[in-house]
Amino acid sequence: MGLFDKLFGGGKKKKRSKETVQTRGVHMPDLKIPVDEKFTIQFKKNGGKFIYCDNFEEVREALKNIVAENQWQQESFFVMNPALEERFNRENLRFSQKSSQSSVFFTTCEHLVAQNGSILVCSNQLMEKKLNELPENIIVFATTSQLVESIGEGLKIIKKKYKDRIPANITTLKHFQPTTENSKDFLTYGSSSKHLYLLLLEDL
C-alpha cells in the first residue's frame, strides 16, 4: 500500500515536486494518490494520532504504549462492543459500560474515509449516544480493509452489508484537536472535538 510501504521500508517513493504540492489550491482536484496515503494525510490534518500495525501483537504493544504515555493504567475504558472487549481482555484494561465513569472510549468503526480523514461510525459502535456524550479520549481499532475513498462509498457498503438491518445513528468522527471559539465555522458547528488514537491493523 502506498504510504505504508514508504513508512515501513517497502517499495519506492514516488517523486512529487515541492512546487506542485505548494501551488495546488484548496479547491483543486486531489492528486491521484493511493487511498491509504490520502487518508493518513487528512487524518493527521484533523489532529489524529495514527499507529500502523503489521500484526495483532503490534496492536497490543501500541495499545500498551498509549496507556503508558497517557498514564491510563487506573482509568476505565468505556466499551460498548462485547467482541472488542473479549479480544483485548488480556491487556490489563479496566472496562466499563458507563461512559460517565470512563476517561477513554475504546471502539471499532465502520470505515476510514480517505476524502476527509474521518472515521465513519454508527449505532453498532455508538448505540444511541451522541458524540458529546462520549469520553474526550478515544481509541479506535480498525483494519486496512475498512479504508474507503468517500463517505458515499462507505454508506453504500453499509447498506449492502446490513441490507434490511441498516444501522441508525450514522456519523463521522473528524475533529481530533480542540476547536477554539474563534476557529469554529459552519463545518465544525455541532461537532465534538476528541483526542483520538487510531490503531490500524494490516489485513489485506
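Each value in this text was obtained by applying a stated rule to the coordinates, not by laboratory testing. Keep in mind that what you see is a predicted model, and the values were worked out from it rather than measured. Cβ sites come from the backbone with ideal geometry, for glycine too, and all protein chains shown count toward neighbours.
The label point for Leu204 and the one for Arg165, both projected 7 Å from the Cα toward the Cβ, are 2.7 nm apart.
Among the listed pairs Lys130/Lys194; Lys38/Lys174; Lys130/Lys163; Lys130/Lys174; Lys98/Lys194; Lys45/Lys159, those with a Cα-Cα distance over 22 Å are Lys130/Lys163; Lys45/Lys159.
Close amide H contacts of Ile138 (hydrogens built in the peptide plane, cut-off under 5 Å, sequence separation of 5 or more or a different chain): Phe105, His195, Leu196, Tyr197. Cβ-Cβ distance of Arg94 and Glu128, R₀ of 22 Å, FRET efficiency by 1/(1 + (r/R0)^6): the value works out to about 0.40. A cut-off of 5 Å between modelled amide H atoms, ignoring neighbours fewer than 5 places along the same chain, links Ser96 with Phe77, Phe78, Val79. Cα centroid separation, region 147-166 to region 107-134: 13 Å. Comparing Cα centroids, region 33-67 and region 69-85 end up 18 angstrom apart. The trypsin sites (Lys or Arg not before Pro) found in region 41-108 that occupy coil by DSSP, while having at most 16 further C-beta atoms within 10 Å, are Arg90, Lys98.
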